[in-house]
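Asker: One structure, as structure tokens, below. Some questions next.
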Amino acid sequence: MARRDAPQPESEQTDEERGPLELAIVGDLTDNEGELTNQILGVAPGAECTIYFDSPGGSPYCAMSLVTLLRLRDINATAIVTGECSSAALWPFATCRRRLVTPYSVFLFHPMKWQSEEHIGIREAAEWSRHFADLEREMDVLLCQLFGRSSDLISQWIRTHRYVTGKEMAEAGLAELISLDPLPIFSRRG
């Protein structure tokens, strides 16, 4: 008769027994930027983590900050889209080394939008417009680079404001399609 030892308390488990750190990018990036930054800074440089996505996007600057932290800290992230991953959330998703999606995952690709709630002068508005056009071009190129794909399909999705399913992302080679069955990477070790 085999005997199973009782599991160790989490505080006594090794990092390998606990598995990778799990983070969540949920809701608007802009509203959660401080929390998201702290979560990523909580992952040791070069370490593994799993990031769950359910976000409609937010500020492109916040997205770039998250991408920068993940890349400069060489974090080996696995992304799992539990719901939506759209707009600015696409950049941190694309930065993850492994990207898992379900048939129910949804992605919205679209050109950047900007708005100002401040009263600004015509010169400032013109400069902002110039800057924003440059930023949009640069970020579209970066998105394709992060996905490791030429711009053909991604640019078409952006131009047409395309909602893309998890299945389509997998068919395009941008993610792995998974079912809603438990993943072996989360099974108890021991």
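We did not get these values from a lab; they are worked out from the coordinates using the rules stated. Computed from a predicted structure; not experimentally measured. Note: ideal-geometry Cβ built from the backbone for every residue, glycine included; neighbour counts use all protein chains shown.
Asker: Hey, what D do you get for segment 20-182 in µm²/s if you plug the Kirkwood alpha-carbon radius into Stokes-Einstein at 37 °C and 0.692 mPa s?
Answerer: Details: Rh = 16.2 Å.
After rounding, the answer is 202 µm²/s.
Asker: Hey, another quick one. Pulled fully out, how much extra length does the chain show between Ser150 and Leu180, if you take 0.36 nm times their separation in residues and subtract their Cα-Cα distance? All intermediate terms of the calculation are to be shown ahead of the outcome.
Answerer: Numbers: separation 30, 0.36 × 30 = 10.80 nm, distance 3.02 nm.
Result: 7.8 nm gained on full extension.
Asker: So what are segment 17-103's ellipsoid semi-axes, whole angstrom, largest first, if each one is the square root of 5 times an eigenvalue of the alpha-carbon gyration tensor? Working shown, then result.
Answerer: Numbers: eigenvalues 64, 46, 24 Å².
That gives 18, 15, 11 Å for the three semi-axes.
Asker: Moving on to the next point. Which distance in nm do the two modelled labels at Thr68 and Ala172 give, with both placed 7 Å along the Cα-to-Cβ direction?
Answerer: Modelled inter-label distance: 2.6 nm.
Asker: Related question: Which far-off residues, 5 or more places away or on another chain, put their amide H under 5 Å from the one on Arg162, with H placed in the peptide plane?
Answerer: Long-range HN contacts for Arg162: Phe109.
Asker: Can you work out the FRET efficiency for the pair Arg123 and Asp31, with r the C-beta to C-beta distance and R0 = 35 Å, to the nearest 0.05? Present the calculation step by step, with values, prior to reporting the outcome.
Answerer: Values: r = 30 Å, r/R0 = 0.86.
The pair Arg123/Asp31 has a calculated efficiency of 0.70.
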